[in-house]
1. What are the pairs, 6+ residues apart or on separate chains, where a residue within region 24-36 that is without any contact (Cβ under 8 Å) to a residue 12 or more places away in the chain has its Cβ under 6 Å from a residue that is surrounded by 10 or more Cβ atoms within 10 Å (Cβ to Cβ)?
Amino acid sequence: MMTVSEPVALRSTIPARLDGTSRTGMVWGYVIGGLIIVTGGVVELLIGIKAEGQSLETVTKPLTAVSDEESGQDPALGGSHG
């Protein structure tokens, strides 16, 4: 059974980063997380596309789409998929 004095005695064996006295690691975690978010925003500005209010099919070709060459239909004849 644990007594009230045991946690106080064990406190000296707990590293500072675990007992809440040092916030340096937490601050660096927030800094790194913020930099990741800002980097994502910059990447989106550089290579992002205007897709708001559009369906996925109008933004890009679906992965399961079959091209005219693969389907065996001649695109010059106006063949439809399906």
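1. Gly25/Arg17
For every residue, the table says whether it meets (1) surrounded by fewer than 10 Cβ atoms within 10 Å (Cβ to Cβ); (2) in contact with a Pro (Cβ under 7 Å, 6 or more places away or on another chain); (3) modelled with pLDDT under 60; (4) in a helix (DSSP H, G or I).
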residue: Leu18; (1), (2), (3), (4): yes, no, no, yes
residue: Ser22; (1), (2), (3), (4): no, no, no, no
residue: Tyr30; (1), (2), (3), (4): no, no, no, yes
residue: Leu35; (1), (2), (3), (4): no, no, no, yes
residue: Gln54; (1), (2), (3), (4): no, no, no, no
residue: Glu57; (1), (2), (3), (4): yes, no, no, yes
residue: Leu63; (1), (2), (3), (4): yes, no, no, no
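The values are calculated or read from the model by the stated rules, or taken from the named source; none is laboratory data. These numbers come from a predicted model, not from an experiment. Because the Cβ atoms are built from the backbone with ideal geometry, glycine has one as well, and the counts that use them run over all protein chains shown.
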